[in-house]
Amino acid sequence: MADTSIRPLRQRDYHLVPRRTPLVIDNGAFHCRIGWAGEDSPRFEFRNVVNKPRHRASGEIVSVVGDFDPSLVKTFDFTRAAMRTPFDGNVVYQYETMESILDYAFERMGIEGDNKIDHPVLMTECPCNPVYCRGKMAELLFEAYDIPSVAFGIDAVFGYLHNKNQGLCEPDGVVVCSGHMATHVIPMVNGEPVLEAAVRTPIGGYHVTDYLKRLLSLQYPFHVNNIGWEKVEELKQEHCYIASDYHSELEIFERGSPEADEKTKVWQLPWVPPPPEKEPATEEEIARKAAIREKQGQRLREMAAAKRSTKIADLETEVIGLEQLLQNLEDAGDEDIDALLAESGYLSREEIQGALAKATVSLRKLKGEAVLPEPEKVDDSTEKDKYPLLDVPNSLLTVDQLKEKKRQRFLKMTSEGRARAKLKRQEEGLEKEREKQLEEERRLANPEQYLEELRTRHGELSARAEQRKRKRQKNGAIPVVAGQPATGTLVLGGRGERLTAMQKERMRLLTTAAFDRGKEEDTFGMRDEDWQLYKRMGKDGEDDEDAEEDDAELVRLEARLQEIDSTFQPTPGLAQGMQKTNVEVQAPKPLTAEDYRISLGVERFRCPEIVLQPSMVGVDQVGVGELVGASFRRMPENLHELVVKGTILLTGGNTLFSGLDARLAAELKASRPLDSTIRVVKAADPLLDAWRGASRFAASGAFRRFAFSKQEYEERGQDWLRKHKLVYSNLSPFS
Amino acid sequence: MKRKSAQLDSLSNSASAAVVVDLPSLSGTKVGSNASTVAAGGGPGYEPLDSDVILPSVLPFKRSQLLDRYPKGHSRGRHWKHLKQIIQAENYQLYPADEPTYVSIEAPPSMYPAKKYCDITGFEAPYTDPRTKLRYANADIFKRIRSLPDEFIQGYLALRNAAVIIK
């Protein structure tokens, strides 16, 4: 059998193929299979799609036929290419795409020819293919490839014929063919399909995969990128099954019994564990590190000491120099002072003294001696000295002095303010101390009563906080549900119901303020009361200040209670806001392999179930079980019995689910008389039987009778093509 | 080999391909590859664009080439009738009543009422949330439904074709 995962090699034995051997193409909506008539298996099969990626180097758009191949991504840009299928439902409608596919198929078959393919073609089509499509396909084959003749047959019927030849089913029976896009039930009488009684429901393997894909994407929104169509198809083929009794199977999972756990499959996505936590360092390690740190510290300290000693030396020479200078000034006469000052660069003796004081202070500091507090000295000087200009009337001052006076006034005010604040702080501290002492005294005097008082106060406060919280929530503060951000639109109704009366009033004020303007003369702000408006507007949330005070008091009380009462349990959640600021924000839980796991439990049988219950995906047509019954009802009276007693053959890729045969038998049993026998048979190979049946048919003489040439088609026209219908069964088993 | 030489041509001409496209296409004479068909599924040893992967745009067994039948830039003939349109154009109402057609073999609607399943878990669902219209199996799932963002609610509804489509 052809392996679809590897690109089929070009067939090399074309020269061995006899002339005019018919080509057999099973043109399914999912896979296309092609081979020579009379052979046991198709030469190869491939996904019936065309991709149009861009060649990275040249920018050309090329056509890639068949399954998506990741190894081509290097050379081709697939980002803007979508898979194109020539099928709409189970009917071919895009003949350009079809031609690309046929080009590829014929080329891979190794066909050589001079502007023509000299082989008749037998191609499968869906039951009751519209004549337009059949005609288009025939035209394509005649015009592009100039084939001598073509015939069209139904894949499901070919599959039935093949299994009949294998002895799996009788000439009379029913074929249930579930393909990629649709499921057909066709009754067979004496090896011929009774299309009058055929039924089709638009559910196929594609829909199962799509359903599974969409379900998983909704359940695992973080892994959507991993849930590709191909991967889901693979999961479906590997894990999906049909429950023998859907409802009891569901119950197993709803109860959460161990059996359900057994049945749940887990798909582990690629996941890289975070680097393991570092082991606590050994003592040696710690000691080694400490030694290194110590060494580095030692070096730094040495450097600092060296720097300090040089600085001390510098300062000492400076001090000595300055002292010398002062001494010189003392000694020198008035006339020499100026010269000395000019030489030293200082303007006055005071300045030198200042510099000397400064140098001595920093020298002392460096040597680590106690320094006399500087501010004390400042305080000593009277206000008169510090702010000499303040008492002088303005009229006596120059412009510069006026500026200076302003500055001095400012300085005075700020220093006074600072002093006042300091005093106040001290007083408050004393007050608190006193209160604490008082409380302690009260506690010592009567511990029980004191505790009782504390408790009642705590109870009151917490009740108030609770009430506030409730009110806030009712008013529309959005509650957070179990870690999931609840969206406002979901949890709450319109805007109106989320506002308190206070907030509503505020909104009203804001809107009137915004829209009131321009009516008449704008006198806003003329009166002082106008400005009160902003005060009222600004207050959002009625008693927030109160609440804050209460919360602080509550926290204090709780702390106190915890201190003296061992039985006290702080109410959780109260004063939460206060505590939250103290607690560090919890780090998000590190992702584990479990977060990268996709589990398939109910989905394993829920998805294929849509074949039996299409209503699950909103299709109101009947499922496979009822489909057989519907087909029986359409049978002509005289043939009814034949078919009902015959075998029911399951074929097509979508019947590969395990358990479908048993389930179908059970469903049919429920709808048939008690003693009726029901035989549901699985096809020998649901995927390739159709091709095999067609291959056999194409090799028989019957094919030549039904195949028509281009000339015949043109002469007879569409009306005749409508009646083109193979007679499948008059092939002898030994042709 | 005939095929190989054609490929070499196509490779050497790929630079001038853009020019070739603009010329009126002549049946069977064009060598420049513009819509070369590349086969998918190259094994690990394949270097794409090597001689076995790229197909000449001219296949010797074809009477008329794809590019001639559907010239680049010509939208004529590229509009495909969808299945619905095809069926409408078939005029099945003119067919004899007993002739089976694509439409007549369509399955009838089910005779049984559709069973209701929980949209999230798939379990049997006795309840429907009046707000989201999602079906649910028990109170836990109801809670989950209520905390679902709208996008997901619509996604679950769309699974059974019941989503509200705003056009």
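The values are calculated or read from the model by the stated rules, or taken from the named source; none is laboratory data. Everything quoted here is computed from the prediction, not taken from an experiment. Glycine also receives a Cβ, built like all others from the backbone with ideal geometry; neighbour counts cover every protein chain displayed. Accessible surface areas use protein heavy atoms only, side chains included; no ligands, DNA or RNA. Shrake-Rupley method; radii C 1.70, N 1.55, O 1.52, S 1.80 Å.
Using the alpha-carbon centroid of each, what span in Å lies between segment B:82-99 and segment B:111-143? Cα centroid to Cα centroid, the span is 39 Å. For segment A:197-212 versus segment A:591-656, the spacing of their alpha-carbon centroids is 8 Å.
Are there chymotrypsin sites (Phe, Trp or Tyr not before Pro) in segment A:659-735 that DSSP marks as loop and that have at most 15 other Cβ atoms within 10 Å, and which are they? The qualifying sites are A:Phe734. Proximity of backbone amide H atoms, modeled 1.01 Å from N, is registered between A:Phe76 and A:Arg56 at under 5 Å, excluding neighbours fewer than 5 places apart on the same chain.
Using helices alone, what [θ] at 222 nm do you get for chain A, with -39,500 (n - 2.57) per DSSP H run of 4 or more residues, divided over all residues and rounded to the nearest 500?
Helix-only estimate at 222 nm: -16000 deg cm²/dmol.
Overall dimensions of segment B:109-167, expressed as equivalent-ellipsoid semi-axes from the Cα gyration tensor (√(5λ), whole Å, largest first), are 19, 17, 8.
Computed on chain A, with alpha-carbon pairs under 8 angstrom and 6+ residues apart, the relative contact order is 24 percent.
Would you mind checking the pairs A:Lys365/A:Lys412; A:Lys236/A:Lys265; A:Lys52/A:Lys116 and listing those with alpha carbons more than 22 angstrom apart? Too far apart for the 22 Å limit: A:Lys365/A:Lys412; A:Lys52/A:Lys116. Placing unit charges on each Cβ (+1 for Lys and Arg, -1 for Asp and Glu) gives chain A a dipole about its Cα centre, and among A:Ser257, A:Gly693, A:Ala463 the Cα reaching farthest toward its positive end belongs to A:Gly693. Heavy-atom accessible surface of A:Glu335, to the nearest 10 Å², is about 140 Å², with a 1.4 Å probe and all protein chains retained. Determine the alpha carbon to alpha carbon distance for each of A:Lys471/A:Lys589; A:Lys136/B:Lys84; B:Lys115/B:Lys143; A:Lys136/A:Lys645; A:Lys136/B:Lys72; A:Lys213/A:Lys263 and list only those over 28 Å. Going by Cα-Cα distance, A:Lys471/A:Lys589; A:Lys136/A:Lys645 fall outside the 28 Å limit. Got a number for carbon plus sulfur as a percent of chain A's accessible area, 1.4 Å probe? Of the solvent-accessible surface of chain A, carbon and sulfur hold 52 percent. Separation of segment A:407-421 from segment A:452-473 is 44 Å, based on Cα centroids.
Mind pulling the per residue volume of the convex hull built on the Cα atoms of segment A:283-372? Å³ is fine.
Details: hull volume 9.3 nm³, N = 90.
Here the figure is 103 Å³ per residue.
Could you tell me whether segment A:430-475 comes out rounded, prolate or oblate from its Cα gyration tensor? Rule is a ≥ b ≥ c as square roots of the eigenvalues, rounded for a/c under 1.5, then prolate if a/b exceeds b/c, otherwise oblate.
Details: a/c = 8.54, a/b = 2.22, b/c = 3.85.
The shape class here is oblate.
Restricting the trypsin sites (Lys or Arg not before Pro) of segment A:40-98 to loop positions (DSSP other than H, G, I, E, B) with no more than 12 neighbouring Cβ atoms within 10 Å leaves A:Arg80.
Measuring only protein heavy atoms, the 1.4 Å probe finds B:Lys72 accessible over about 90 Å².
If you build the Cα gyration tensor of chain A and take the root of 5 times each eigenvalue, what three semi-axes come out, in whole angstrom, biggest first? Don't skip to the end; give the middle numbers.
On the way: eigenvalues 1810, 313, 182 Å².
Ellipsoid half-lengths, sorted descending, are 95, 40, 30 Å.
If you wrap segment A:35-178 in the convex hull of its Cα atoms and look at it from every side, the mean projected area works out to 11.1 nm². For the chain pair B and A, buried accessible area totals roughly 7500 Å², probe 1.4 Å, rounded to the nearest 100.
Computed from the alpha carbon positions, the gyration tensor of segment A:61-122 leads to an equivalent ellipsoid with semi-axes of 25, 17, 9 Å, biggest first.
Can you compute the charge dipole magnitude of chain A about its Cα centre, using +1 on each Lys and Arg Cβ and -1 on each Asp and Glu Cβ, nothing else charged? Give it in debye, rounded to the nearest 20. Once rounded to the nearest 20, the dipole reads 2720 debye. Overall, segment A:401-475 carries a charge dipole of about 1140 debye about its Cα centre when +1 sits on the Cβ of Lys and Arg and -1 on the Cβ of Asp and Glu, all other atoms neutral.
Counting Cβ atoms of other protein chains within 10 Å of each residue's Cβ and taking the mean over peptide A:193-201 gives 4.
The alpha-carbon atoms of segment A:244-283, seen along their principal axes, cover 64, 23, 12 angstrom, with the largest extent given first. Compared with its chain on its own, segment A:116-132 contains the following residues whose accessible area drops by 40 Å² or more in the full protein assembly (probe 1.4 Å; ligands, DNA and RNA excluded): A:Cys128, A:Pro130, A:Tyr132. A simple packing score, the average count of other Cβ atoms within 10 Å per residue, orders the peptides A:236-248, A:286-298 as A:236-248, A:286-298, with the highest score first.
Interface residues of segment A:84-103, defined as a loss of at least 20 Å² in heavy-atom accessible area between the chain alone and the complex of all protein chains with a 1.4 Å probe, are A:Asp88, A:Val91, A:Tyr93, A:Gln94, A:Tyr95, A:Glu96, A:Glu99, A:Ser100, A:Asp103. For B:Leu159, the solvent-accessible surface computed with a 1.4 Å probe is close to 10 Å², ligands and nucleic acids excluded. For segment A:389-470, the normalised intensity computed at q = 0.13, 0.16, 0.18, 0.25 Å⁻¹ comes to -0.69, -0.83, -0.91, -1.06 (log10 of I(q)/I(0), Debye sum over alpha carbons, equal scatterers, no solvent).
Packing-based ranking of A:434-442, B:150-158 yields B:150-158, A:434-442, ordered from highest to lowest mean Cβ neighbour count within 10 Å. Partner shielding of A:287-294 amounts to 0, given as the average count of beta-carbon atoms from other chains within 10 Å of each residue beta-carbon.
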